[in-house]
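Shown next, in structure tokens, is the structure this report addresses.
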Amino acid sequence: MLKVITVILMYLITFVSFAQGAKKDVKTGNRSVTAIVKKVSNDKGSVRFAIYDSEKNFLQRKFVATKVSEIKNGVAQVIFSGLPPANYAIICYHDENENKMLDFQGNGMPTEDYGATNNVFNYGPPQFKDAKFELKDKDLTFEIKFM
């Protein structure tokens, strides 16, 4: 059990490593993806988002772009623009204390809410295969629910 918790903890720590990266947005395509989180537990802090374009980049935490949204009345929203058609996945978390990282309890469980596109909730961190979507010929909007 300790080994499982350690593995989950290590993966979740890398899950938020995108917060330490430089903010950027790509301008190589003509599509956009809007990500909305409703029912954020409170308006403290912000919600941090990252978009990935492959499972390999997802696992290595090499994001295409990151965005930060303030929370207004329990809602946070960002738009990733300039995206070329491809498969993508978005992950996000509520950075309630604005320390630019997802916080954890001593047992490895997150103390701040997080989520991913497609809202697949499994034991452990989000997986690219569960969160991926295909961006083709029209802009997309996703509502992400927090765990």
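The values are calculated or read from the model by the stated rules, or taken from the named source; none is laboratory data. Since we're looking at a predicted model, the values are computed, not measured. Here the Cβ positions follow ideal geometry from the backbone for every residue, glycine too, while neighbour counts run over all protein chains shown.
Against the condition surrounded by 13 or more Cβ atoms within 10 Å (Cβ to Cβ) and touching a Cys at 6+ places or on another chain (Cβ under 8 Å), how does ALA86 come out, does it pass?
No; evaluated as a whole, the condition is false for this residue.
Determine which member of the set ASN99, ASN73 is out of contact with any Pro (no Cβ under 6 Å at 6 or more places or on another chain), modelled with pLDDT of 90 or more, loosely packed, with under 12 Cβ neighbours inside 10 Å and on the phi > 0 side of the Ramachandran plot.
Numbers: ASN99 fails: on the phi > 0 side of the Ramachandran plot.
Result of the check over ASN99, ASN73: ASN73.
Is it fair to say ILE91 is buried (at least 20 other Cβ atoms within 10 Å of the Cβ) and at negative phi?
Values: buried (at least 20 other Cβ atoms within 10 Å of the Cβ): yes; at negative phi: yes.
Against the criterion (buried (at least 20 other Cβ atoms within 10 Å of the Cβ) and at negative phi), ILE91 qualifies.
Within the set of pairs 6+ apart or on separate chains, which have a first residue in region 109-136 that is closer than 15 Å to ILE51 by Cβ, a second that is part of a strand (DSSP E or B) and among the basic types (Lys, Arg), and C-beta atoms under 8 Å apart?
Note: pairs meeting the criteria are LEU135/ARG31.
Can you run down the residue pairs with Cβ atoms below 7 Å, 6 or more apart or on separate chains, where the first is in region 37-58 and touching a residue at least 60 places away in the same chain (Cβ under 8 Å) and surrounded by fewer than 19 Cβ atoms within 10 Å (Cβ to Cβ) and the partner is β-branched (Val, Ile, Thr) and assigned to a strand (DSSP E or B)?
Close Cβ pairs satisfying both conditions: LYS38/VAL75.
Sort out for me the strands (runs of 3 or more DSSP E) sitting completely within region 58-147 that have 3 or more residues that are touching a Phe, Trp or Tyr at 6+ places or on another chain (Cβ under 7 Å) and not acidic (Asp, Glu).
The qualifying strands (runs of 3 or more DSSP E) are 65-70, 86-95.
One residue is enough: does region 42-57 have a residue meeting the conditions touching a helix residue (DSSP H, G or I) at 6+ places or on another chain (Cβ under 8 Å), at pLDDT 50 or above and of a type in the set (A, V, I, L, M)?
Scanning region 42-57 turns up at least one residue that is touching a helix residue (DSSP H, G or I) at 6+ places or on another chain (Cβ under 8 Å), at pLDDT 50 or above and of a type in the set (A, V, I, L, M).
In contact with a Gly (Cβ under 8 Å, 6 or more places away or on another chain), touching a residue at least 12 places away in the same chain (Cβ under 8 Å) and among the hydroxyl-bearing types (Ser, Thr, Tyr), is that true of THR66?
Against the criterion (in contact with a Gly (Cβ under 8 Å, 6 or more places away or on another chain), touching a residue at least 12 places away in the same chain (Cβ under 8 Å) and among the hydroxyl-bearing types (Ser, Thr, Tyr)), THR66 qualifies.
Of all residues in region 69-101, how many are of a type in the set (Lys, Arg) and free of Cβ contacts under 8 Å to residues at least 60 places away in the same chain?
1
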